[in-house]
Structure formats: C-alpha cells, structure tokens
Amino acid sequence: MKTLDKYILKEVVFLFVLGAIITVLLFEANQLMLLFKVMHVGSIPWRALLQVVLFRAPDFVKLSLIIGISLATSLTFARITRESEVKAMLSGGISIRRILKPILIFSVFVSLFSFVLLEKVVPISQKHFRNLLCQLYVISAAPDFKSDVVLDLDRYTARFGSVSRTKVGGIQLDDVFLLERPRPDETWIYSAKRGLYDDGVWNLEKPYVFTIQEDNLLVASPNKNLEINERISINPDSFMHATDEEESLGTILELIDKAEKEDRSTKGLWLSFHAKFSDSFACFVFAILGTLFSILYTKKGPFAGVFLSLASVLVFYITTILSDSVLLKISWMPPVVIAWMPNILAFLYITYQFREIRT
C-alpha cells in the first residue's frame with residue numbers, strides 16, 4: 001500500500017468508525033426514549049432493555065454506515081483541501097482519480113459489509129427485536145388499569161375483564177377467558193375469576209375447564225390453581241406487522257413465487273429485493289459524494305462540504321421513503337428503478353460535478 005493510501009485511509013477509517021458509533025448511539029438513545037414514553041420502564045428488567053439495544057443495533061448500523069462514510073470522507077477532504085494538500089498533490093502529478101483510489105476501495109468494503117449485514121444479520125435481529133418488544137408491550141405498555149382486553153396469542157384467544165400490573169412486575173387478570181383449539185374437532189375453554197401473567201406463564205385461580213368434542217360438552221372444576229404448562233408467546237403480528245427487512249433474499253424470492261402463483265402483486269417484494277443491493281451501494285456513492293462536496297465547496301467555509309454531505313444523506317433518505325411510499329403506487333414504474341432511484345440521481349450529480357473537480 002502506498003504512503004498516500006495509508007495517509008488518507010488512516011484519517012478516513014478513524015472518522016468513519018467514530019461517526020458510525022456516534023450515529024448508532026443517537027439512534028439507540030432515541031429508541032430508548034420512545035420506550036420510556038410508552039412503557040412503564042420500572043417494570044422492565046434491565047436485561048430486557050439491554051436486549052432491546054442489542055437487537056436493534058444492526059438495523060441502526062445499516063443506517064449509520066452511510067452517514068459515517070459520508071461524514072468521514074467530507075471531513076478528511078475538507079481538511080486536506082483547506083490546507084492546500086490536494087492542490088499540492090495535483091501539482092505533483094497525482095491525478096484526482098489516484099487521490100480517490102483509497103476512498104473507492106474502502107467504500108467497496110463498507111458496501112459489502114452493509115450487504116452482509118442486511119442479508120445475514122438484520123433479518124434475525126429484527127425478528128428477535130419485534131418478539132421482545134411485543135412481550136414488553138404486554139408487560140408494561142398498558143396503563144395501570146385497563147378493562148375488556150382481547151389478545152390473539154399463538155395458540156389461544158384470550159379475553160380479560162380487566163388487566164392491572166402488580167408491584168412485582170407481573171400482570172393481574174380478572175374475569176379470564178381463554179379459548180384453545182388443539183384439533184379441528186376439539187375446543188378447550190378456560191374460565192377463571194382471577195389469574196396472573198408473569199414471564200410468559202399463565203396461572204389461573206381455580207378455573208373451570210370446558211372441553212367440547214364435536215357435540216359433547218365436558219366440564220371440569222379443579223380445586224386448585226391451574227398453570228398452563230407451556231409458555232404462551234405473544235404473536236408479534238398482533239402488535240407489529242413483520243417487515244420485509246426480516247426476510248433474506250432467498251425468502252423474498254420464495255414469497256414472490258408464491259404471490260405470482262396466487263396472482264397477487266409482487267411489486268413490494270421486488271422493491272425489498274432490490275433495496276438490499278441499492279442500500280448497500282449507497283455507501284459507495286456517498287463516499288464519493290462527500291469527497292466531492294468538500295473539494296468543491298471548501299472555499300465557501302471550512303465545513304460547507306460537511307454540511308452538504310449530511311444534507312445529501314437526509315435528502316437520500318427522504319427520496320427513499322418517497323420512492324417506497326409514492327412511486328411504488330405508480331404502476332408503470334418498475335420496482336428496480338424505484339429502488340435505485342436515489343442512487344441514480346446521486347450518481348448523475350457526481351458525474352456532472354466530476355468535470356469541475358478535474359479543472
């Protein structure tokens with residue numbers, strides 16, 4: 001590796017890591033503040049909060065990579081341009097392409113890392129995050145007292161006359177009604193005046209158990225409390241719908257094939273498929289964009305290029321959101337164009353401005 005490459009990469013990598021970490025911490029702090037607003041945090045174990053932070057981190061890292069590389073390249077080249085180092089390099093016969101070479105190589109590695117993160121890590125972490133968040137909502141998101149509550153669980157439909165939290169963090173249930181269908185011809189009904197939900201386990205106080213087998217009705221009235229032997233996991237879809245980020249490319253293709261066989265629209269799935277590639281490629285684009293802004297606009301102010309770089313990232317995200325929510329509804333525009341639209345616009349701008357930087 002040339003001395004020039006080491007010189008540039010040493011500063012870019014440090015600023016990239018620092019910027020990405022700070023961005024992730026800001027996102028995590030915002031996530032925790034949101035939880036503090038909607039949940040009674042006092043009833044949530046600190047380990048659960050730590051899990052929320054860990055499971056959410058990969059998705060935030062995905063967002064912070066673009067911000068981090070844009071910030072790193074713009075700050076680095078703002079400094080060396082302001083101190084006339086770029087001009088000295090050009091005067092010494094070093095082309096602008098040669099100066100950008102270490103940035104391009106580094107941005108390729110960042111883009112590959114982003115793709116692996118999107119494909120291998122984010123789907124798993126998002127599923128765990130959604131499951132955990134739904135459990136926390138059940139424990140603490142409800143007010144101190146709520147009446148007439150209905151929940152759809154994995155195996156049960158549950159209705160409670162009233163729900164209130166206990167001092168130890170559990171949930172006190174009154175007028176409990178659980179409905180289970182273990183087999184198509186059999187239905188179990190649990191009815192109890194009181195119950196307790198704690199850490200995924202239901203305890204019913206002296207419940208009546210009704211078993212309906214075809215046309216036969218059996219009634220049992222135990223003399224002791226009933227604990228349902230297996231943990232009842234809250235179905236996350238009852239609270240939060242699954243997103244396409246939770247699916248890998250292979251799974252998305254399977255969903256597309258299934259949707260095509262059922263004659264359903266596949267535009268949203270194809271958009272998610274192409275977005276995994278375009279979101280990763282954005283790291284490469286914004287590494288170049290941050291460099292160009294700093295070289296072209298340093299005369300406007302020491303941090304003009306940096307501010308423009310961060311503004312361009314914001315525009316990129318807004319354009320991405322508009323593309324997903326608005327352009328997707330335009331039937332004539334294919335999903336691949338919608339997914340790549342922000343990158344295409346940024347790359348066209350880079351091509352146009354590159355002529356100025358050469359002069």
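Values in this text are rule-based calculations from the coordinates and carry no lab data. Values in this document were obtained by computation on a predicted structure and should not be read as measured data. We place every Cβ from the backbone using ideal geometry, glycine too, and count neighbours over all the protein chains shown.
Quick look at the numbers
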{"read-out": "Calculated from backbone phi, Karplus (6.51, -1.76, 1.60) coupling profile of the stretch 67-80 in Hz, x at Gly/Pro", "value": "5, x, 6, 5, 5, 5, 5, 5, 5, 4, 6, 5, 6, 6"}
{"read-out": "Spacing of the two label points (7 Å from each Cα toward its C-beta) at residue 344 and residue 164, in nm", "value": "6.0 nm"}
{"read-out": "Sequence-distant residues sharing a close amide H with residue 225 (under 5 Å, placed H)", "value": "206"}
{"read-out": "Cα centroid separation - the stretch 82-117 against the stretch 176-225, whole Å", "value": "67 Å"}
{"read-out": "In Hz, Karplus ³J(HN,Hα) per residue of the stretch 28-35 (6.51, -1.76, 1.60; θ = phi - 60°; x = Gly, Pro)", "value": "5, 4, 5, 5, 5, 5, 5, 5"}
{"read-out": "Global form of the stretch 67-125, assessed from the alpha-carbon gyration tensor, a/c cut-off 1.5", "value": "oblate"}
{"read-out": "Normalised alpha carbon radius of gyration of the stretch 8-116 [divisor 2.2 N^0.38 Å]", "value": "1.45"}
{"read-out": "Where labels lie 7 Å past Cα in the beta-carbon direction, separation of residue 109 and residue 131 in nm", "value": "3.4 nm"}
